[in-house]
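All remarks here apply to the structure that follows.
The values are calculated or read from the model by the stated rules, or taken from the named source; none is laboratory data. Predicted, not measured: the structure shown is a model, and the values here were computed from it. For neighbour counting, all protein chains shown are included, and Cβ atoms are generated from backbone atoms with ideal geometry for every residue, glycine included.
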Protein chains: 10
Amino acid sequence: MSRLEVTEKIITAKVMRGLKWADVAARVGLSKEWVTAACLGQMSVTAAQAGVIAEFFDLSETDQRWLMAVPYKGALPTVVPTDPLIYRFHELISVYGTTFKELIHEEFGDGIMSAIDFKMDLKREPDAAGDRVNIQMSGKFLPYKTF
Amino acid sequence: MSRLEVTEKIITAKVMRGLKWADVAARVGLSKEWVTAACLGQMSVTAAQAGVIAEFFDLSETDQRWLMAVPYKGALPTVVPTDPLIYRFHELISVYGTTFKELIHEEFGDGIMSAIDFKMDLKREPDAAGDRVNIQMSGKFLPYKTF
Amino acid sequence: MSRLEVTEKIITAKVMRGLKWADVAARVGLSKEWVTAACLGQMSVTAAQAGVIAEFFDLSETDQRWLMAVPYKGALPTVVPTDPLIYRFHELISVYGTTFKELIHEEFGDGIMSAIDFKMDLKREPDAAGDRVNIQMSGKFLPYKTF
Amino acid sequence: MSRLEVTEKIITAKVMRGLKWADVAARVGLSKEWVTAACLGQMSVTAAQAGVIAEFFDLSETDQRWLMAVPYKGALPTVVPTDPLIYRFHELISVYGTTFKELIHEEFGDGIMSAIDFKMDLKREPDAAGDRVNIQMSGKFLPYKTF
Amino acid sequence: MSRLEVTEKIITAKVMRGLKWADVAARVGLSKEWVTAACLGQMSVTAAQAGVIAEFFDLSETDQRWLMAVPYKGALPTVVPTDPLIYRFHELISVYGTTFKELIHEEFGDGIMSAIDFKMDLKREPDAAGDRVNIQMSGKFLPYKTF
Amino acid sequence: MSRLEVTEKIITAKVMRGLKWADVAARVGLSKEWVTAACLGQMSVTAAQAGVIAEFFDLSETDQRWLMAVPYKGALPTVVPTDPLIYRFHELISVYGTTFKELIHEEFGDGIMSAIDFKMDLKREPDAAGDRVNIQMSGKFLPYKTF
Amino acid sequence: MSRLEVTEKIITAKVMRGLKWADVAARVGLSKEWVTAACLGQMSVTAAQAGVIAEFFDLSETDQRWLMAVPYKGALPTVVPTDPLIYRFHELISVYGTTFKELIHEEFGDGIMSAIDFKMDLKREPDAAGDRVNIQMSGKFLPYKTF
Amino acid sequence: MSRLEVTEKIITAKVMRGLKWADVAARVGLSKEWVTAACLGQMSVTAAQAGVIAEFFDLSETDQRWLMAVPYKGALPTVVPTDPLIYRFHELISVYGTTFKELIHEEFGDGIMSAIDFKMDLKREPDAAGDRVNIQMSGKFLPYKTF
Amino acid sequence: MSRLEVTEKIITAKVMRGLKWADVAARVGLSKEWVTAACLGQMSVTAAQAGVIAEFFDLSETDQRWLMAVPYKGALPTVVPTDPLIYRFHELISVYGTTFKELIHEEFGDGIMSAIDFKMDLKREPDAAGDRVNIQMSGKFLPYKTF
Amino acid sequence: MSRLEVTEKIITAKVMRGLKWADVAARVGLSKEWVTAACLGQMSVTAAQAGVIAEFFDLSETDQRWLMAVPYKGALPTVVPTDPLIYRFHELISVYGTTFKELIHEEFGDGIMSAIDFKMDLKREPDAAGDRVNIQMSGKFLPYKTF
């Protein structure tokens, strides 16, 4: 699984040299959310983007080719994530999943929120009682149609 | 599982009489996101709130007591949801879960985004290329501490 | 699970009275593929369509309301289907799934074939060596975009 | 698992040298669907076909022998696929699987659509609202018989 | 699940009245293997056959209609069977499955033994050291073809 | 897992040199069914048999020792086999498992068919409509006894 | 699942009237181990035995017929038992399973200990440091044979 | 997993040099049951015992340290064991587990049989109809207490 | 499952009449931890205790008998709990399980902390930064012994 | 997975050189519970702490960087732990999980005990009838709030 090895190289470089996702994203000229997902093996990049990422993390030409290939997506080793941070998102779906469903159908009718035509923005929300994580998601609504 | 039966009564009333989550939320005086989750058996409500919900959906006094009890939470029948709308959220975690983890740690250090001290807002985002579902989430950051 | 009961009523009526999916589809004025999926609890219908379906299968007014509500989708009792006919489709994905992925990416780049903006047509293909099942699927390609 | 290593060699060669499945299929003289499945370790090929594939991807003689052996089939690492493109096909079976079953039985009686005596054709379907993926499947109907 | 209820009625009648599968098969005029599978909800029967079965087990006209419908097949409650008799067959596949695969491919090339165009015969094989169960299976070989 | 490596050596030798299971069985002087199972790591062999197998597949003395040790049995990587040929046997148990159970109990009473005191014979059955795979199984019936 | 209902009737009678397994076993004239297993739906009994059991637990004639039918065996609701007493046996296999395997093969060669031609005896073993549970198992060794 | 490697070294030495568990147990001066479990990575041993085992199987000093560390216990690769010998024990719990529970509670009240303060003895039981495997287990009864 | 019904009766009575676990525990004269577990179907009680509990929750004489029977233990509907409160305990084991293991072995050697000879105490721990849940567990250490 | 390798280096050093968790904790100046969890790959440490740990276990500079990175948490190889010591904690949740839930809600209302703002203390509790393991847990209560 060569793409996996590129992902591990990137993470190792980041840990060893103390790099930041925000910095590589700034150089690529796209959001930190998208660039991080791409570096973690979930998106494919253009040749130009691969060049920037390779320079930042000191990757080989071979590694760049893998970054440009469409990866087999899915980043988690287990169906129910064991990592406490990622589990909290899993719990949100377990607790609020039917709420998402009801409210989107109430507003839009039958269909889904696209996970492909999708973007998001994650930032710090200062708060006197302790700062908060703020995530804004935006996905195109796709209606079911009759045929 | 009596709470489950109350949830089913609420859904049946909603389907049969064409009620809206937004309307019951307005009467309760809280967000449609929280009130829907409560009606779907994921939150416990106060006696006053139970009264409003019971009137809206035509529930018995017994049903109101169940609404006030803390439920066993978790609304989905399978680990990987089969419903296409809810699955898209599962997919977002599968594809972006490690991205959430990396970016939150980069900004805040080791810890999690609380799924308890949490709120969200779901709305329509008009867009010429097709309207979008916009979800804003806000959860308190809880740091791991040494002991 | 009231919608499930409506599905069972429809199937019972079909078995007992020897009805045909093609006939109910003709009355609804849509494809047999979509109407069957709707009758089996996977799609929501308009009031007018519910009226036609209810008349055909002799359903109550309450049943019609359930047909108009958006269902919790997913029709199979196990992850790997035990029914031989449905399993063959599961096997096609197991054997050809990576082929679908490679060829769609080769033609379109990174993205998916929508399962929402999707239609299909299933028909008999006469063949001297034994007739064949012919299924034509058409789903909109949705590209991943950078953000 | 030597066959797996041949598959990985083929994928690596394809990514590194920017090869196309359509081109290797043209040289083999068969459909891109079948040849891609064979290269991905799901079909066995003749000595002549193995020669063409080996030349195209620069494989060793040992690799050719593996291409000619019948592989242990099944290409996906998890029962429910995590990759969004492949998952959409899984979802189609979850949502439409009982529809396939009902309509095939209505047309043909008890039996299955063969996944062995099967062929398919995948192509781009131009559409003003965004091009579509068009997949045509044809499988022999096999009736259950009494004995 | 009405078909399930017919199966339970048949089993109850058999237990209560001490009936034999061999006898109902003789009246239907087909093998005991096929008729038992049909009575247990795995095959669909003709109107005439349904009549014979209904008379034998004292079933209603409604029950007969269910016997004629194509059932959702798969008779076991768990993936790995807990019943010792049925588990032994599961073990045979676990231990000899790759042997079946190798020997069939050695004799026939790439393809499968059909589980649809299939028949079997189960009988007692007298043996001084203790009688044996003898099962003869015959399934059409279906070759994979190129396309 | 050294026994696994011996199995892989045997398979590689077979693929590379085009050997046949029937031939190694003939030299061992036992059925092709049993010898193939032994070579695939499911049975233990005598020193003499190990010698014949080692010569045939060009194995080391160390490999012979592993062939003589009782292996940890079970040859399939997943509970539900993904390989289409082996899956068909799994399907036979899913569809006919309760039929096996009923008919064996009708003939023999409570007990099982042994998967240990067991033998089988797999051969080609010529048929004008396409040749068939014929498998004959014979297992000792073991009755449950009271104590 | 009528047999299940008979099992529940027996357990209810036992709890309500404070009956003992040892007493019903004494009346049947067999070991308490076998009779308890039979009462719990894991063995089939003769007409005479059914009569004794029915009188003891006050069962109907219909219930007696179910006791005489061969049940679908397997008494636990989950693969890994949640009940602490039963789990300890599961743990013994997890920890000592490979030890059983090695020692039985060392003594007997390749084969198994039968779980069918099997009996056991469970008794109290007085001990100053606290009494012990003593279980003696005896199962026929069944060798694998070549064929 | 260094302890695992020591286990594999021991098994390899045993297979290659034809050693016996009974012999190493005799040298250690404890039962063959306990010593085999220890060699298979389920128990920790003293320095003196490690020395005897190391000499017997020709292990390094490093290996001895691992034998003295408390291992992560659990020796089987799957929850339901695929090996026929070990599966029979799993089946005994599936069939007799509730019987164990009922009889132990009848004799001792609420509590468990310890799997820690536990010993066992496995021996050959000569029998004219074929020798039997005899296993005697003895575990301390631990009562639940109120608090 | 009659014991389950008694548990549901108790919970319903508690919710409907606003009863407290602390109060029933006080009347029984034991800790609130043990009495709650007993009421929730995890412990068996004496006749006297059953009488107190029955009076408190207004249960029938039949219900009391069930409270006195040893239950099939295990209170959660899924292996990984969906309820956020209970999941946090599951997470503690996932994150700290190997820490528990290492520290207990460092202090006591090889063995376990008993979950049977076990008691606990749960109380509120006032804290200026927000009150805390304080749980004290005490379980007897049980050493593995050689035999 | 480089962090995993650091964990294995630490465990190997501990086993080979007979080190103690209590000693490394004393040098770090924090509790043995937290430091052990950190060494086992569940917590991230500061540069100064990494230096102390590296010196104690003789780790490289690269290893120190990994200790400072936030790990993917979750230390157990299976959902239900096979190790008897760790399983006992799993059993406590299975048996007492709903008791924890009821008593925490009775005392605090709807919410959870934090597994992040959490600390614990594990010690030996001398007892004439055999020493006990004593574990004190303290986690902040986090209430659900309306929004």
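What is the residue count in segment I:79-96 for residues that are surrounded by 22 or more Cβ atoms within 10 Å (Cβ to Cβ), among the hydrophobic types (A, V, I, L, M, F, W, C) and touching a strand residue (DSSP E or B) at 6+ places or on another chain (Cβ under 6 Å)?
1
Are there any pairs with C-beta distances below 6 angstrom linking a residue in segment H:20-48 that is in contact (Cβ under 8 Å) with a residue 40 or more places away in the chain to a residue that is of a type in the set (Ser, Thr, Tyr), with the two at least 6 apart or on different chains, and if so which?
Cβ pairs passing all conditions: H:34/I:146.
Just give me the residues in segment I:39-53 being more than 10 Å from chain J (Cβ to nearest Cβ) and in contact with a Lys or Arg (Cβ under 7 Å, 6 or more places away or on another chain), in sequence order.
I:52
Kindly indicate whether any position in segment A:63-74 is of a type outside the set (S, T, N, Q), surrounded by 20 or more Cβ atoms within 10 Å (Cβ to Cβ) and closer than 30 Å to residue I:88 by Cα.
Within segment A:63-74, one or more residues are of a type outside the set (S, T, N, Q), surrounded by 20 or more Cβ atoms within 10 Å (Cβ to Cβ) and closer than 30 Å to residue I:88 by Cα.
With respect to residue G:47, determine if the residue is exposed (fewer than 14 other Cβ atoms within 10 Å of the Cβ), out of contact with any Phe, Trp or Tyr (no Cβ under 7 Å at 6 or more places or on another chain) and of a type in the set (A, V, I, L, M, F, W, C).
Considered against the rule, which asks whether it is exposed (fewer than 14 other Cβ atoms within 10 Å of the Cβ), out of contact with any Phe, Trp or Tyr (no Cβ under 7 Å at 6 or more places or on another chain) and of a type in the set (A, V, I, L, M, F, W, C), residue G:47 comes out as yes.
Would you confirm, using the coordinates I've provided, whether residue A:34 is at pLDDT 95 or above and within 13 Å of residue A:2 (Cβ to Cβ)?
No; evaluated as a whole, the condition is false for this residue.
Might you check whether a residue that is in contact with a Leu (Cβ under 9 Å, 6 or more places away or on another chain) and more than 14 Å from chain H (Cβ to nearest Cβ) occurs anywhere in segment J:73-86?
Just the residues of segment J:73-86 that are in contact with a Leu (Cβ under 9 Å, 6 or more places away or on another chain), to begin with: J:73, J:75, J:82-83, J:86.
Add one more test, that the residue is more than 14 Å from chain H (Cβ to nearest Cβ), and what stays is J:73.
Yes: segment J:73-86 contains one or more residues that are in contact with a Leu (Cβ under 9 Å, 6 or more places away or on another chain) and more than 14 Å from chain H (Cβ to nearest Cβ).
Does residue I:116 satisfy the condition of being closer than 22 Å to residue H:104 by Cβ, within 7 Å of another protein chain (Cβ to nearest Cβ) and either in contact with a helix residue (DSSP H, G or I) (Cβ under 9 Å, 6 or more places away or on another chain) or modelled with pLDDT under 95 (or both)?
On the way: closer than 22 Å to residue H:104 by Cβ: yes; within 7 Å of another protein chain (Cβ to nearest Cβ): yes; either in contact with a helix residue (DSSP H, G or I) (Cβ under 9 Å, 6 or more places away or on another chain) or modelled with pLDDT under 95 (or both): yes.
The answer is yes for residue I:116.
How many of the residues making up segment G:54-98 are at negative phi, free of Cβ contacts under 8 Å to residues at least 40 places away in the same chain and either assigned to a loop (DSSP other than H, G, I, E, B) or of a type outside the set (S, T, N, Q) (or both)?
Qualifying residue count for the region: 31.
Looking at this structure, is residue F:6 part of a helix (DSSP H, G or I) and either β-branched (Val, Ile, Thr) or within 16 Å of the chain's Cα centre (by Cα) (or both)?
The answer is yes for residue F:6.
When you go through C:52, C:28, C:95 one by one, which is the residue that is under 16 Å from the mean Cα position of the chain (by Cα) and of a type in the set (Val, Ile, Thr)?
Numbers: C:52 fails: under 16 Å from the mean Cα position of the chain (by Cα); C:95 fails: under 16 Å from the mean Cα position of the chain (by Cα).
Checking each option against the conditions leaves just C:28.
Any chance you could count how many residues in segment C:90-133 are more than 26 Å from residue E:144 (Cα to Cα) and hydroxyl-bearing (Ser, Thr, Tyr)?
Number satisfying all stated conditions: 1.
Of all residues in segment D:16-30, which are aliphatic (A, V, I, L, M), in a helix (DSSP H, G or I) and within 15 Å of residue D:50 (Cα to Cα)?
D:24, D:25, D:26, D:28
Residue check: is residue H:30 out of contact with any Phe, Trp or Tyr (no Cβ under 6 Å at 6 or more places or on another chain), buried (at least 21 other Cβ atoms within 10 Å of the Cβ) and under 25 Å from residue I:142 (Cβ atoms)?
Spelling it out, it is not the case that residue H:30 is out of contact with any Phe, Trp or Tyr (no Cβ under 6 Å at 6 or more places or on another chain), buried (at least 21 other Cβ atoms within 10 Å of the Cβ) and under 25 Å from residue I:142 (Cβ atoms).
When segment F:90-112 is examined, which residues are found to be in contact with a Ser or Thr (Cβ under 7 Å, 6 or more places away or on another chain) and of a type in the set (Gly, Ala, Ser)? Break it down stepwise before answering.
Start the filter on segment F:90-112 by keeping residues that are in contact with a Ser or Thr (Cβ under 7 Å, 6 or more places away or on another chain), which leaves F:94, F:99, F:102-103, F:110.
Answer for segment F:90-112, where residues must be in contact with a Ser or Thr (Cβ under 7 Å, 6 or more places away or on another chain) and of a type in the set (Gly, Ala, Ser): just F:94.
What about residue H:36, is it in contact with a helix residue (DSSP H, G or I) (Cβ under 8 Å, 6 or more places away or on another chain), closer than 26 Å to residue J:85 by Cβ and facing another protein chain (nearest Cβ under 9 Å)?
yes
So, residue A:127, is that one within 14 Å of chain J (Cβ to nearest Cβ), of a type in the set (Asp, Glu) and over 18 Å from the mean Cα position of the chain (by Cα) or not? Talk me through it step by step, then tell me what you get.
Working: within 14 Å of chain J (Cβ to nearest Cβ): yes; of a type in the set (Asp, Glu): yes; over 18 Å from the mean Cα position of the chain (by Cα): yes.
Criteria met by residue A:127.
What is the number of the single condition among (1) under 29 Å from residue B:70 (Cα atoms); (2) more than 14 Å from chain C (Cβ to nearest Cβ) that residue B:98 does not meet?
Every condition holds for residue B:98 apart from (1).
Within segment F:130-147, restricting attention to residues that are more than 12 Å from chain G (Cβ to nearest Cβ) and either part of a loop (DSSP other than H, G, I, E, B) or more than 23 Å from the chain's Cα centre (by Cα) (or both), which residue is surrounded by the fewest Cβ atoms within 10 Å (Cβ to Cβ)?
Here the residue is F:130.
If you go through segment C:16-39 one residue at a time, how many are within 20 Å of residue E:67 (Cα to Cα) and in contact with a Ser or Thr (Cβ under 8 Å, 6 or more places away or on another chain)?
First, the residues of segment C:16-39 that are within 20 Å of residue E:67 (Cα to Cα): C:16-21.
Subsequent filtering for residues that are in contact with a Ser or Thr (Cβ under 8 Å, 6 or more places away or on another chain) retains C:16, C:21.
Looking only at that region, the number is 2.
What's the number of the only condition in (1) surrounded by fewer than 22 Cβ atoms within 10 Å (Cβ to Cβ); (2) more than 19 Å from the chain's Cα centre (by Cα); (3) of a type outside the set (Lys, Arg); (4) assigned by TED's automatic domain parsing to the domain that holds residue B:137 that residue B:114 fails to meet?
Of (1) surrounded by fewer than 22 Cβ atoms within 10 Å (Cβ to Cβ); (2) more than 19 Å from the chain's Cα centre (by Cα); (3) of a type outside the set (Lys, Arg); (4) assigned by TED's automatic domain parsing to the domain that holds residue B:137, only one is false for residue B:114: (2).
Looking at (1) assigned by TED's automatic domain parsing to the domain that holds residue E:27; (2) buried (at least 20 other Cβ atoms within 10 Å of the Cβ), can you tell me which one residue E:99 breaks?
Of the numbered conditions (1) assigned by TED's automatic domain parsing to the domain that holds residue E:27; (2) buried (at least 20 other Cβ atoms within 10 Å of the Cβ), the odd one out for residue E:99 is (1).
Which one is nearest to residue H:39 (Cα to Cα), of the residues in segment H:1-25 that are charged (D, E, K, R) and at the interface with another protein chain (Cβ under 8 Å from one of its Cβ atoms)?
Taking the candidates together, the pick is H:8.
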